[in-house]
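Notes for the one structure printed next.
The values are calculated or read from the model by the stated rules, or taken from the named source; none is laboratory data. Every value quoted in this text rests on a predicted model; they were computed, and no experiment measured them. A quick note on method: Cβ atoms are made from the backbone with ideal geometry, for glycine too, and the neighbour counts reach across all protein chains shown. To get the accessible areas, we keep the full protein, side chains included, count just its heavy atoms, and leave off ligands, DNA and RNA. Shrake-Rupley method; radii C 1.70, N 1.55, O 1.52, S 1.80 Å.
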Amino acid sequence: QNRKTFLYSTSTNSMSASKDHDEQNEELPQMRSVLFRSMPASARPFSIGQLPKMPRSFAKTAPVVAPVITKSSPVKVWKPDSIPKLPEMYHLGRSRVTISNCDGCEITSRIGECLRQQPISVTFEESTAICETSCHAKFVVNIFEDDDQFIVEVQRRTGCSFLCQKYCRAILRSAKGTKVVPTKARSFAIPSSILKKDDEREKAIEEDVMKAISLIEQEKLDVQMLGIIALISLTEKNKINVQDSILGFLSKHISLRPSGSYERSKLRLDALTIFANLLSKKSVKYGFVTDNNLLQPLVTDLTHDDLLVAHQAARCMTSLCQCFP
């Protein structure tokens with residue numbers, strides 16, 4: 001009798017516990033399936049050239065899209081067919097000026113003349129001017145029409161911000177019609193209290209040159225770029241004494257024709273810059289040019305499509321004609 005009572009109470013407790021568990025499960029939210037997939041095209045980060053469209057439920061008017069830059073061949077004069085209106089949703093940069101009581105063609109003519117006087121490569125594409133300096137700093141100049149006035153803005157894309165700011169000031173001043181004064185690098189005299197030690201300075205320069213060349217001889221491409229940038233800075237201001245055998249990387253990069261790779265083209269341009277600096281400082285002998293057959297690539301680069309490459313090749317040929325007539 002006691003055993004039956006125990007079994008009955010046990011079964012009753014288990015039934016009540018299962019009933020409570022079922023009630024708790026009914027109160028808990030049900031687990032649903034989750035789908036992971038790539039981000040839709042409408043939610044992806046948008047480029048500067050085109051702003052995202054607003055949903056139809058929120059947009060009161062038709063979505064405004066910023067003007068898309070189309071590629072074209074470089075021209076010498078900036079004469080856009082038409083200047084676009086300033087889109088309502090376009091975010092203007094901080095480096096801009098507003099010009100009134102002036103024709104748009106006159107503004108673009110001023111900017112084009114200012115860019116022509118600067119040592120930069122420029123490509124005009126309708127209402128945008130794409131600029132690139134010799135140290136690979138890139139910025140664009142845009143012009144828009146807003147009611148009875150025009151807006152000129154300059155946006156830096158890559159490179160040194162200080163250098164881009166210097167060109168930005170000159171461009172905006174020329175757009176307003178203000179006379180552009182050529183900027184010169186500031187120079188500071190060494191105080192008389194500091195003794196000049198030429199021997200130690202030359203030794204330090206030689207050590208820096210050898211360190212830069214050791215970086216260039218590495219296999220990694222980014223390490224080679226660091227070494228070449230350091231060597232450009234050293235050869236631009238100082239006359240260095242190095243053996244011709246150490247400068248074999250120059251003939252290697254200059255002799256190779258462009259392969260379409262941006263990194264390789266950049267390395268070749270930097271090698272031409274270093275070679276032009278060495279020739280201008282008379283740090284390399286004429287035999288290095290003839291022994292490595294560098295005359296033919298230099299002459300060919302005079303008509304290169306990239307104006308920066310043509311400029312460095314012209315520097316090399318000018319130094320060769322002056323030093324070795």
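Remarks
- Net +/- balance of residues flanking R94 in space, Cβ distance below 11 Å, scoring K and R +1, D and E -1: +1
- Based on C-alpha pairs under 8 angstrom that are at least 6 apart in sequence, region 98-192 has a relative contact order of 26 percent.
- Within the assembled protein chains, the solvent-accessible surface assigned to E207 is about 90 Å², based on a 1.4 Å probe.
- Local net charge near F139, Cβ-Cβ under 9 Å (Lys/Arg +1, Asp/Glu -1): +2
- Rounded percent of accessible protein surface that carbon and sulfur make up, region 244-325, 1.4 Å probe: 55
- In this structure, D306 and E200 have a Cβ-Cβ separation that, at R0 = 45 Å, corresponds to a calculated FRET efficiency of about 0.65.
- Cα gyration tensor category, rounded, prolate or oblate, for region 215-325 with a/c compared to 1.5: oblate
- Region 83-140 shape via C-alpha gyration tensor axes, a/c threshold 1.5: oblate
- Average Cα contact separation per residue, region 194-298, under 8 Å, 6 or more apart, as relative contact order %: 25
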